[in-house]
C-alpha cells in the first residue's frame, strides 16, 4: 500500500468525469488499498479515485472510529433512488482543505455497486453514510461540495485555496 498525493481545488483534473471500471482485478484492489491508506493518513472519511489523479469510478469510505476500521469499497456506484427528504450536514473535503460548509442532500439513498471483489451489491444508506456516498459519487461526476454554495462563497473559497497553493509552491521551489 502507498500513500498518494491528494489533488486540491482548483486543479482542473478534479472536474473530469471518471470512467467506468470494466474489470475488478488486482490493479483496482491495489488502487482501493492505496486510497484507503491515503484517506486514513489525511485524515478523512471518504475518497474518490479522481482525487488522487485516477479517473476511475472508485470510492472508499470509512465512518468508523479510529480503533475499529470498517472500510467500504464502491466500484461503479450508481444511485437507484434518493429520498425526497433532505438533511443538512457540514461537509468538508480532502480536495478543498480547511473549508467547510453546510450542504443539503437527500437523507437516504439506495445504490448499486461492485464491491472489493467485483461482486454486484446494493445498499440502502441514510444519514451521514448517505451524505458521504453522495459527496463521493459527485466527485466521479466532477462535482465538488462547494458547487452547492452561492457563487460568492464558492469564489471566495477557490481564491483562498489558489493563494495557499501559490504560497506552498514558492516554499517547495
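Looking only at the range 4-34, which residues are over 15 Å from residue 114 (Cβ atoms), without any contact (Cβ under 8 Å) to a residue 40 or more places away in the chain and surrounded by 14 or more Cβ atoms within 10 Å (Cβ to Cβ)?
33, 34
Test residue 67 against the stated conditions and say whether it is touching a strand residue (DSSP E or B) at 6+ places or on another chain (Cβ under 7 Å) and over 24 Å from residue 148 (Cα atoms).
On the way: touching a strand residue (DSSP E or B) at 6+ places or on another chain (Cβ under 7 Å): no; over 24 Å from residue 148 (Cα atoms): yes.
Answer is no for this residue.
Output the qualifying pairs, or none if there are none: Cβ atoms under 6 angstrom, residues six or more apart or on different chains, first residue in the range 95-113 and over 23 Å from residue 72 (Cα atoms), second residue surrounded by 17 or more Cβ atoms within 10 Å (Cβ to Cβ) and modelled with pLDDT under 95.
Note: pairs meeting the criteria are 99/157; 101/149.
Kindly establish whether residue 117 is surrounded by fewer than 13 Cβ atoms within 10 Å (Cβ to Cβ) and assigned to a loop (DSSP other than H, G, I, E, B). Spell out how you get there, then give the answer.
Details: surrounded by fewer than 13 Cβ atoms within 10 Å (Cβ to Cβ): yes; assigned to a loop (DSSP other than H, G, I, E, B): yes.
Judged against the criteria, residue 117 is a match.
Look through the range 33-64, keep the residues that are assigned to a loop (DSSP other than H, G, I, E, B) and in contact with a strand residue (DSSP E or B) (Cβ under 6 Å, 6 or more places away or on another chain), and return whichever of them is farthest from residue 128 (Cα to Cα).
Filtering the range 33-64 for residues that are assigned to a loop (DSSP other than H, G, I, E, B) and in contact with a strand residue (DSSP E or B) (Cβ under 6 Å, 6 or more places away or on another chain), the one farthest from residue 128 (Cα to Cα) comes out as 55.
Filter the range 19-37 for residues that are within 12 Å of the chain's Cα centre (by Cα) and closer than 19 Å to residue 138 by Cβ and give the result.
Matches in the range 19-37: 35 only.
Which condition number does residue 123 fail, the rest of (1) modelled with pLDDT of 95 or more; (2) surrounded by 16 or more Cβ atoms within 10 Å (Cβ to Cβ); (3) within 15 Å of the chain's Cα centre (by Cα) being met?
Failed condition: (3).
Only residues that are in a strand (DSSP E or B), free of Cβ contacts under 8 Å to residues at least 24 places away in the same chain and over 25 Å from residue 42 (Cβ atoms): list them for the range 82-94, please.
86
Every residue in the range 131-157 that is assigned to a helix (DSSP H, G or I), closer than 18 Å to residue 78 by Cβ and in contact (Cβ under 8 Å) with a residue 40 or more places away in the chain, please.
131, 132, 133, 134, 135, 136, 137, 139, 140, listed by residue number.
Report the residue count in the range 65-81 for those that are assigned to a loop (DSSP other than H, G, I, E, B), surrounded by 14 or more Cβ atoms within 10 Å (Cβ to Cβ) and either out of contact with any helix residue (DSSP H, G or I) (no Cβ under 7 Å at 6 or more places or on another chain) or on the phi > 0 side of the Ramachandran plot (or both).
Of the residues in that region, 0 qualify.
The values are calculated or read from the model by the stated rules, or taken from the named source; none is laboratory data. All of these numbers come straight from a predicted model, not from anything done at the bench. All Cβ positions, even for glycine, are placed from backbone atoms using ideal geometry, and neighbour counts span all protein chains on display.
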